Amino acid sequence: MSARIRLKRFGAKARPYYRIVVMDSRTPRDGKSLEEVGLYHPIEVEDKQLVLKEDRIRDWIEKGAKPSETVRKLLNRNNFYLS
């Protein structure tokens, strides 16, 4: 099983918010996740948009999980450096 750190969509039409989750790479976008490691609200004010559990993200990356391109951009925007 290869794990991915990616977004899971919630919210109404034109009012999305996302959970940053760890999932098996073969599951659908809104399928069952292994763990929730953050939240992303693109409509909120800039400083309230992103909430991360950095220790859990680092732990999953050490175990071999790879972030999706969008999650990688969000982590870089929050000064979270991937080794």
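Results, tabulated for the structure shown:
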item	result
Identity of the residue in the range 1-18, assigned to a strand (DSSP E or B) and touching an Asp or Glu at 6+ places or on another chain (Cβ under 7 Å), that ends up surrounded by the fewest Cβ atoms within 10 Å (Cβ to Cβ)	R9
Subset of the range 33-82 [small (G, A, S) and either in contact with a helix residue (DSSP H, G or I) (Cβ under 8 Å, 6 or more places away or on another chain) or within 21 Å of R15 (Cβ to Cβ) (or both)]	G38
Complete set of residues in the range 53-74 that are outside any loop (DSSP other than H, G, I, E, B), surrounded by 15 or more Cβ atoms within 10 Å (Cβ to Cβ), of a type outside the set (K, R) and out of contact with any Asp or Glu (no Cβ under 9 Å at 6 or more places or on another chain)	I57, I61, P67, V71, L74
Residue count, the range 2-43 (criterion: touching a Pro at 6+ places or on another chain (Cβ under 7 Å) and at positive phi)	0
Selection from the range 43-52 of residues that are closer than 14 Å to L7 by Cβ and part of a loop (DSSP other than H, G, I, E, B)	Q49
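Values quoted throughout were computed directly from the atomic coordinates according to the rules given, and no laboratory measurement underlies them. As the structure is a prediction and not an experimental result, all values here were calculated from the model. Because the Cβ atoms are built from the backbone with ideal geometry, glycine has one as well, and the counts that use them run over all protein chains shown.
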